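J.: Could you have a look at this structure, given as structure tokens, before my questions?
The values are calculated or read from the model by the stated rules, or taken from the named source; none is laboratory data. The shown structure was predicted, so the numbers you read here are calculated from the model rather than taken from an experiment. Here the Cβ positions follow ideal geometry from the backbone for every residue, glycine too, while neighbour counts run over all protein chains shown.
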């Protein structure tokens, strides 16, 4: 059941990639709508798949990197659908579809074996910690897509992508908004993690590689927000920093897990 | 001198400095995840070569996060935030700005809590066997006595561990008694004291006889007993809860004590001279020594701590959340139509 649903999610995203690519060159609005609809469908199918897994396990799918990757994609698709009222763009749809496709493909290579929760993970804080992380990282993922769009639009200088891309100022504002959401929730990730660490290990901060890299991510986005406010770093410079920030998010999530050992060995 | 001090104050309380500190702290923190922390000095000299190793040690890269310069950078950031916020206090004209200042001030509050923890916090690891009583006075908790009544492991159907539970009785100097369970994620709290479940293992006891001498032992499984220091002779004791008679291997079939044995290995320097398996109550002969295995029981590894800085740290967290709410979650309609983002 779960495997079948995941397969359907893959197919939807794949077709959405193809259709939104076509929509880039054929600026008719209806084609783009189909690509959007497919991603929404993928979101509902993924919701069903994660629900099935939760039901079978008797817990939320928050316990290892495989589960987290799928929930991460779920969060990106959710925020993407919610941002529809502010932004219609084939390129945005394409970038989101491509990113989620890469993440899902990568996630599928990880061990998916469903194990019962280790004693250290049996806590209400797990839900808050992972739940806030999903919102935070998904918002950063969208800011990453918006930053790429900004750079493309700026490079094109209105020549090649006239009908498809929203104005630069709008892209810049939405990117800023996404980073504010991501940064606020990242702060909650660090706070809930610290309170939980105090309950489970008796140490609210221990410079474990995962938490250190989460802090580095936080410092980068803090620098982003300050540059924007005081030094008027908008547009291109801000977009580059937003891209760097998300690459560090991915390193925190995957790089640290594969390259470094620490308390977060289960994720 | 005053203009110089003022100039420095202006430099260190500037936004430019804040930005630099954020970036430098980020880079420094990342270095600590690539360079292994807390190893003995020889490790760095061997691993990085003599010159680079010496340099790393000189700059305290082996304990980067508690090095003088890293703490100094954190201090500078705290100082910078306090001064920036004080300057902004004069020009507050909205709830959003109040939120922003609370958000910023929460960071020095958390730092302050960290400093209080570092100076006044106490933390001790203890290992206590089932039935044993330990006085915690020597660990920095005067008058406290703890007894471990029971230790058990709860399992899932798949035999994977679900929870580790220590049942303890804690008594303080004034004779107050507190009985309770300590589990992973559920520390026992009593006034300023918190006790955490950390590890567990087996403790074995028995007797070693050599000629007319007999030496009792009571130790953690896996430990070594020196028999003759001059000849480099030691007895290594490994507890096997579920012994496999067919293979007679050191590996246990399960973690349950269905068929307990004590593997007694006589070792000289690094050479294994002899090894025998003793059941409880059984005596085995190894060279000129006789080893009697009497009993086994669980011990529980607990962390006992008190941390007066924690209250500050948690207040800092609260302040940060409040700051975020006021800064970003107060809707525009309550602010007389002003724009939230410039």
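J.: Checking residue A:44 against (1) assigned to a helix (DSSP H, G or I); (2) touching a residue at least 12 places away in the same chain (Cβ under 8 Å), only one condition comes out false. Which one?
T.: If we test residue A:44 against (1) assigned to a helix (DSSP H, G or I); (2) touching a residue at least 12 places away in the same chain (Cβ under 8 Å), just (2) comes out false.
J.: Is it the case that some residue within segment A:257-266 is out of contact with any strand residue (DSSP E or B) (no Cβ under 7 Å at 6 or more places or on another chain), surrounded by 19 or more Cβ atoms within 10 Å (Cβ to Cβ) and more than 9 Å from chain B (Cβ to nearest Cβ)? Spell out the reasoning first.
T.: Taking segment A:257-266 first, the residues out of contact with any strand residue (DSSP E or B) (no Cβ under 7 Å at 6 or more places or on another chain) are A:257-266.
Next, from what is left, pick out any that are surrounded by 19 or more Cβ atoms within 10 Å (Cβ to Cβ): A:257.
If we keep only those that are more than 9 Å from chain B (Cβ to nearest Cβ) as well, we get A:257.
Checked against the condition, which is being out of contact with any strand residue (DSSP E or B) (no Cβ under 7 Å at 6 or more places or on another chain), surrounded by 19 or more Cβ atoms within 10 Å (Cβ to Cβ) and more than 9 Å from chain B (Cβ to nearest Cβ), segment A:257-266 yields at least one hit.
J.: Identify, please: which residue in segment A:164-191 is over 19 Å from residue A:75 (Cα atoms) and under 19 Å from the mean Cα position of the chain (by Cα) and is, among those, farthest from the other protein chains (Cβ to nearest Cβ)? Quick ask: steps written out before the conclusion?
T.: Of segment A:164-191, the ones over 19 Å from residue A:75 (Cα atoms) are A:164-173, A:191.
Adding the requirement that they be under 19 Å from the mean Cα position of the chain (by Cα) leaves A:171-173.
Values: A:171: 14, A:172: 10, A:173: 7 Å.
Only one residue tops the list, namely A:171.
J.: Return the residue satisfying two criteria in turn: it lies in segment A:200-214 and is crowded, with 19+ Cβ neighbours inside 10 Å and in contact (Cβ under 8 Å) with a residue 24 or more places away in the chain, and of such residues it is nearest to the chain's Cα centre (by Cα).
T.: A:214
J.: Hey, does segment B:118-125 have a residue that's over 21 Å from the mean Cα position of the chain (by Cα), surrounded by fewer than 19 Cβ atoms within 10 Å (Cβ to Cβ) and either modelled with pLDDT of 90 or more or more than 30 Å from residue B:204 (Cα to Cα) (or both)? It would help to see each step written out before you state the result.
T.: Looking only at segment B:118-125, we keep the residues that are over 21 Å from the mean Cα position of the chain (by Cα), and these are none.
Within segment B:118-125, none of the residues are over 21 Å from the mean Cα position of the chain (by Cα), surrounded by fewer than 19 Cβ atoms within 10 Å (Cβ to Cβ) and either modelled with pLDDT of 90 or more or more than 30 Å from residue B:204 (Cα to Cα) (or both).
J.: Given the condition within 21 Å of residue B:256 (Cβ to Cβ) and outside any loop (DSSP other than H, G, I, E, B), answer yes or no: does some residue in segment B:128-135 qualify? Quick ask: steps written out before the conclusion?
T.: Kept after step one, since they are within 21 Å of residue B:256 (Cβ to Cβ), are these residues of segment B:128-135: B:129-131.
This time we only want the ones that are outside any loop (DSSP other than H, G, I, E, B), so: B:129.
Scanning segment B:128-135, I find at least one residue that is within 21 Å of residue B:256 (Cβ to Cβ) and outside any loop (DSSP other than H, G, I, E, B), so the answer is yes.
J.: Moving to a separate point now. Can you tell me which residue within segment B:26-45, out of those that are more than 14 Å from every other protein chain (Cβ to nearest Cβ) and farther than 20 Å from residue A:261 by Cβ, is nearest to the chain's Cα centre (by Cα)?
T.: So, considering only residues that are more than 14 Å from every other protein chain (Cβ to nearest Cβ) and farther than 20 Å from residue A:261 by Cβ, the one nearest to the chain's Cα centre (by Cα) is B:41.
J.: Another question, if that's okay. Can you tell me which residues in segment A:73-126 are under 22 Å from residue A:193 (Cα atoms), at pLDDT below 95 and part of a helix (DSSP H, G or I)?
T.: Hits for segment A:73-126 are A:119, A:120, A:121, A:124, A:125, A:126.
J.: Are there any helices (runs of 4 or more DSSP H) wholly within segment B:49-120 with 1 or more residues that are closer than 23 Å to residue B:326 by Cα, and if so which? Explain how you work it out, then say what you get.
T.: Numbers: elements: B:50-58, B:68-89, B:95-120.
Helices (runs of 4 or more DSSP H) meeting the threshold: B:68-89, B:95-120.
J.: Something else: Looking at (1) surrounded by 18 or more Cβ atoms within 10 Å (Cβ to Cβ); (2) within 11 Å of chain B (Cβ to nearest Cβ); (3) assigned to a helix (DSSP H, G or I), can you tell me which one residue A:239 breaks?
T.: Only one criterion is unmet by residue A:239, namely (2).
J.: Given B:81, B:101, B:110, which one is modelled with pLDDT of 95 or more and surrounded by 16 or more Cβ atoms within 10 Å (Cβ to Cβ)? Can you show your working first?
T.: Working: B:81 fails: modelled with pLDDT of 95 or more; B:101 fails: modelled with pLDDT of 95 or more.
Only one candidate qualifies: B:110.
J.: In segment A:106-145, what residues are over 28 Å from residue B:186 (Cβ atoms) and without any contact (Cβ under 8 Å) to a residue 60 or more places away in the chain? Even if it seems obvious, please write down each step before you answer.
T.: Here is the first cut: in segment A:106-145, the residues over 28 Å from residue B:186 (Cβ atoms) are A:106-112, A:137-145.
Listed by number, the residues that qualify are A:107, A:109, A:110, A:111, A:112, A:145.
J.: What's the number of the only condition in (1) part of a loop (DSSP other than H, G, I, E, B); (2) more than 7 Å from every other protein chain (Cβ to nearest Cβ); (3) closer than 19 Å to residue A:256 by Cα that residue A:218 fails to meet?
T.: The single condition residue A:218 does not satisfy is (1).
J.: Hey, does segment B:309-332 have a residue that's part of a strand (DSSP E or B) and modelled with pLDDT of 90 or more? First the steps, then the outcome.
T.: First, pick out the residues of segment B:309-332 that are part of a strand (DSSP E or B): none.
No, segment B:309-332 has no match at all.
J.: Okay, next question. For segment A:60-80, check the following and say yes or no: at least one residue is more than 16 Å from the chain's Cα centre (by Cα) and surrounded by fewer than 18 Cβ atoms within 10 Å (Cβ to Cβ). Lay out the reasoning, then the answer.
T.: From segment A:60-80, those more than 16 Å from the chain's Cα centre (by Cα) are A:60-61, A:63-64; that's our starting set.
If we keep only those that are surrounded by fewer than 18 Cβ atoms within 10 Å (Cβ to Cβ) too, we end up with A:60.
For segment A:60-80, residues more than 16 Å from the chain's Cα centre (by Cα) and surrounded by fewer than 18 Cβ atoms within 10 Å (Cβ to Cβ): present.
J.: In segment B:284-299, how many are part of a strand (DSSP E or B) and in contact (Cβ under 8 Å) with a residue 60 or more places away in the chain?
T.: Residues of segment B:284-299 part of a strand (DSSP E or B): B:284-286, B:289-299.
So of that shortlist, the ones also in contact (Cβ under 8 Å) with a residue 60 or more places away in the chain come out as B:289-299.
Residues meeting the conditions: 11.
J.: Could you tell me which residue of segment A:221-233 is nearest to residue A:246 (Cα to Cα), considering only residues that are in contact with a helix residue (DSSP H, G or I) (Cβ under 7 Å, 6 or more places away or on another chain) and more than 8 Å from chain B (Cβ to nearest Cβ)?
T.: First, the residues of segment A:221-233 that are in contact with a helix residue (DSSP H, G or I) (Cβ under 7 Å, 6 or more places away or on another chain): A:221-228, A:230, A:233.
From what is left, the residues that are more than 8 Å from chain B (Cβ to nearest Cβ) are A:221, A:224-225, A:228, A:233.
On the way: A:221: 9, A:224: 12, A:225: 14, A:228: 17, A:233: 18 Å.
Looking at the filtered set, the residue picked out is A:221.
J.: Okay, next question. Which one is farthest from residue B:87 (Cα to Cα), of the residues in segment B:4-25 that are at the interface with another protein chain (Cβ under 10 Å from one of its Cβ atoms), over 34 Å from the mean Cα position of the chain (by Cα) and part of a helix (DSSP H, G or I)?
T.: So the first thing to find is which residues in segment B:4-25 are at the interface with another protein chain (Cβ under 10 Å from one of its Cβ atoms), and the list is B:14-16, B:18-25.
Still in the list and also over 34 Å from the mean Cα position of the chain (by Cα): B:14-16.
Narrowing further to those that are part of a helix (DSSP H, G or I): B:15-16.
Details: B:15: 11, B:16: 15 Å.
Per the stated criteria, the residue is B:16.
J.: Among the strands (runs of 3 or more DSSP E) contained in segment B:195-282, which hold 3 or more residues that are under 30 Å from residue B:126 (Cβ atoms)?
T.: On the way: elements: B:213-220, B:224-228, B:233-240, B:261-268, B:271-278.
Those strands (runs of 3 or more DSSP E) span B:213-220, B:224-228, B:233-240, B:261-268.
Residues are listed down the side, and each one gets a yes or a no for (1) surrounded by 12 or more Cβ atoms within 10 Å (Cβ to Cβ); (2) modelled with pLDDT of 90 or more:
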{"position": "B:231", "(1), (2)": "no, no"}
{"position": "B:235", "(1), (2)": "yes, yes"}
{"position": "B:240", "(1), (2)": "yes, yes"}
{"position": "B:243", "(1), (2)": "yes, yes"}
{"position": "B:247", "(1), (2)": "no, no"}
{"position": "B:250", "(1), (2)": "yes, no"}
{"position": "B:258", "(1), (2)": "no, yes"}
{"position": "B:263", "(1), (2)": "yes, yes"}
{"position": "B:266", "(1), (2)": "yes, yes"}
